[in-house]
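Take a look at the structure below.
The values are calculated or read from the model by the stated rules, or taken from the named source; none is laboratory data. None of the values given here were measured: they were computed from a predicted structure. For neighbour counting, all protein chains shown are included, and Cβ atoms are generated from backbone atoms with ideal geometry for every residue, glycine included. Ligands, DNA and RNA are excluded from the accessible area calculation, which covers all protein heavy atoms including side chains. Shrake-Rupley method; radii C 1.70, N 1.55, O 1.52, S 1.80 Å.
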Amino acid sequence: MAGDELKLLGAWASPWVSRVQIALHLKGLNYEYVEEDLDNKSDLLLESNPVHKKVPVLIHDGKPICESLVIVQYIDEAFASTGPSLLPVDPYERAIARFWAAFIDDKLLVPWKQAFSGKTEEEKDQGRKQLLAAVETLEGGLMECSKGKPLFGGDSVGYLDVVLGGLLSWLHGTEALCGVELFDAGRTPLLSAWAERFGALDAAKAVLPDVGKLVEFAKMRRAQLAAAEAAAAAAAAKKN
Amino acid sequence: MAAGKGEDLKLLGLDESPFAARVRMALSVKGVGYEYIVQDLFNKSELLLRSNPVHKKVPVLIHNGNTICESLVIVQYVDEVWAGMGTSILPADPYKRAVARFWAAFIDDKLFPAWVGIMRAATEEERAEKVKETFAAIEHLEKAFVECSNGKAFFGGDSVGYVDLALGCFLFWFGAVHKMFGVEIIDASKSPLLAAWAGRFGETSAAAEVLPEPDKAVEYAMKLRAKRAAAK
């Protein structure tokens with residue numbers, strides 16, 4: 001039947017894919033899920049996202065939408081009459097939600113990566129410090145958005161909950177992967193409580209990957225990349 | 001909602017900031033009056049630090065005492081609050097909105113670091129790498145123009161839209177890069193559609209009102225470089 005065919009190109013470990021799946025789940029939308037092998041990308045993925053060649057890609061009636069934040073907003077707007085609204089109605093509250101979404105992607109993830117796969121202990125340590133500072137700032141953001149309610153969206157799950165929530169398994173894996181605990185009830189009480197509440201939602205339980213499995217996978221990938229880099233460096237050294 | 005007397009709408013920015021220019025052009029498209037408070041980024045004001053404690057950057061829009069930060073967030077805010085005025089910045093159709101947001105994100109995530117990298121490169125090798133990255137991004141945007149404009153004058157169609165503002169704010173800095181490094185980022189032989197678009201964009205009232213001459217950006221770049229050298 002034409003009119004509302006949804007297909008999602010994803011990868012089980014990708015937190016950006018989780019974001020989109022959580023949004024689709026909250027909206028009660030049916031979709032076909034296609035698991036991509038990121039080491040052997042499908043023609044469909046390469047055609048649908050020629051610019052970045054990345055997941056997630058949402059294909060709605062044959063038209064691709066790329067970039068997780070763009071996709072989540074698209075889902076909210078294209079299916080405005082289906083399920084709950086993700087973005088707030090008020091323009092100022094929408095701006096606040098978008099501001100913190102940008103903060104999460106720009107300021108949290110870069111130091112996280114550095115703490116995870118920095119080349120030296122010093123680099124990793126710098127990443128850890130910046131990551132903790134960013135999380136503390138985000139704690140302030142949660143206080144601003146939630147106004148004492150359980151979620152960023154207030155009483156119900158909103159855009160920002162989805163944006164951070166998609167990352168939840170990775171966030172829980174931070175201690176094992178980066179050597180620092182992200183959600184500490186002492187340092188960031190609101191975020192710690194939020195993590196528990198969000199994790200208990202049906203959408204979260206249905207979508208988010210198992211933390212243990214994710215940690216194992218991430219460690220394996222990190223070792224693989226390090227080995228590949230070492231091999232490339234050795235080959236380059238031999239040439240000289 | 002009325003444009004207000006300009007007293008309940010303030011913008012913290014500076015002429016040389018392309019991100020502040022985005023917002024100023026958006027306000028111009030909407031025909032909305034505001035108080036423009038020029039900032040000294042080498043000596044940040046209390047007002048700036050209080051209004052944007054997270055990033056301490058411009059632009060910051062202060063509307064009825066509420067602060068909004070991040071240029072693309074502000075532009076969407078302006079488009080939504082003054083929806084009935086001027087022309088629409090984002091399209092009405094959800095899919096077209098998604099395409100516009102995609103390209104604006106691309107401009108900030110891929111094009112901006114590349115062209116800034118041309119200016120900040122420490123070696124000629126690094127500079128050449130950044131030039132390559134910049135041209136690669138421009139190539140994508142040349143295709144984006146076809147997709148978004150649908151044969152019309154702007155990415156936004158008949159009128160200036162979200163992607164026009166996101167890219168157009170860099171034009172005076174591209175002029176500065178040309179003067180300083182001899183690199184023509186939007187080169188008519190490589191990206192003819194964008195070159196033609198750039199000409200049209202420059203002639204819009206929003207751009208004419210807001211964008212400074214490239215020389216001003218060159219001066220500012222020199223100032224930044226001197227400050228950085230002194231800090232070492």
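Quick notes on this structure:
- Rel. contact order, % - alpha carbon contacts under 8 angstrom, at least six apart, chain B: 20
- Only beta bridges with both residues in chain B are counted; by DSSP, about 70 percent of them are antiparallel.
- Test item: A:53-64 mean partner chain Cβ contacts at 10 Å: 1
- Placing unit charges on the Cβ atoms of the charged side chains and taking the dipole of chain A about its Cα centre, the candidate lying farthest along the positive direction among A:VAL211, A:ALA237, A:VAL55 is A:ALA237.
- Debye, to nearest 20: dipole size of the range A:3-109, +1 on Lys, Arg Cβ, -1 on Asp, Glu Cβ: 280
- Local charge for A:GLU229 was computed over the other residues whose Cβ lies under 13 Å away, with Lys and Arg +1 and Asp and Glu -1, and equals +3.
- Residue-span extension gain [A:ALA80 to A:ALA227] - 0.36 nm each, minus C-alpha spacing: 48.2 nm
- Spread over its residues, the convex hull of the C-alpha atoms of chain B is 123 Å³ per residue.
- Within the range B:141-232, GluC sites (Glu not before Pro) in DSSP loop having at most 14 other beta-carbon neighbours inside 10 Å: B:GLU203
- Total formal charge among the other residues, if their Cβ is under 13 angstrom from that of B:VAL81, Lys/Arg +1 and Asp/Glu -1: -3
- Unsatisfied cross-links (Cα-Cα over 24 Å) in the set A:LYS54/A:LYS107; A:LYS53/A:LYS113; A:LYS27/B:LYS30: A:LYS27/B:LYS30
- For the range B:150-195 versus the range A:1-62, the gap between their alpha-carbon centres in whole angstrom: 32
- Computed helical MRE - 222 nm, the protein assembly as shown, DSSP H runs ≥ 4 contributing -39500 (n - 2.57), nearest 500: -18000 deg cm²/dmol
- Our note on the geometry: Cα centres of the range B:125-144 and the range A:181-211, 40 Å apart.
- Relative contact order, percent, chain A [alpha-carbon distance under 8 Å, six or more residues apart]: 19
- In this Cβ point-charge picture (+1 for Lys and Arg, -1 for Asp and Glu), chain A has a dipole of about 600 debye about its Cα centre.
- Accessible area per residue in Å² at 1.4 Å probe, computed on the range B:1-147: 43
- Computed Kirkwood radius, in angstrom, where 1/r is averaged over Cα pairs of the range A:86-161: 13.3
- Fraction of accessible area attributable to carbon and sulfur, the range A:41-88 (%, probe 1.4 Å): 52
- Shape call, the protein assembly as shown: gyration tensor on alpha carbons, a/c limit 1.5: rounded
- Using the Cβ of B:VAL54 as centre and a radius below 10 Å, the other residues enclosed give a net charge of +2, where K and R count +1 and D and E count -1.
- For chain A, a/c is not less than 1.5, where a ≥ b ≥ c are the root eigenvalues of the C-alpha gyration tensor, and a/b does not top b/c. That puts it in the oblate class.
- Around the Cα centre of the protein assembly as shown, unit charges on the Cβ atoms of Lys, Arg, Asp and Glu (plus for the first two, minus for the last two) sum to a dipole of about 1000 debye.
- Highest-first packing order for the peptide set B:47-53, A:39-45 is B:47-53, A:39-45, based on the mean count of other beta carbon atoms within 10 Å.
- Tensor-based shape of the range A:1-109 (alpha-carbon gyration tensor, a/c under 1.5 rounded, otherwise prolate or oblate): oblate
- Length released on extending from B:TYR95 to B:ASP109, taking residue separation times 0.36 nm less the Cα-Cα span: 3.0 nm
- Using distinct alpha-carbon pairs, which all enter the 1/r mean, Kirkwood radius of the range B:100-232 in Å: 15.4
- Separation of the A:ASP210 and B:LEU193 label points, Cα + 7 Å toward Cβ, nm: 4.8
- Taken residue by residue and averaged, Cβ atoms of other chains lying within 10 Å of the Cβ of A:65-74 number 5.
- Theoretical FRET efficiency, 1/(1+(r/R0)^6), r = Cβ-Cβ of B:GLU184 and B:SER159, R0 30 Å, to 0.05: 0.65
- Extending 7 Å from Cα along the Cβ direction at A:PHE217 and again at A:GLN126 yields two label points whose distance is 3.0 nm.
- Out-of-range pairs (alpha-carbon distance over 19 Å; input B:LYS57/B:LYS232; B:LYS110/B:LYS143; B:LYS130/B:LYS179): B:LYS57/B:LYS232
- Ratio Rg/Rh [Cα only; Rh per Kirkwood] for the range A:146-240: 1.18
- Farthest toward the positive end of the dipole of the protein assembly as shown, out of A:ALA78, A:TYR33, A:ALA102, is the Cα of A:ALA102, where the dipole comes from beta carbon charges about the Cα centre.
- Contact order relative to length of the range A:135-191, as percent, for alpha carbon pairs under 8 angstrom and 6 or more apart: 32
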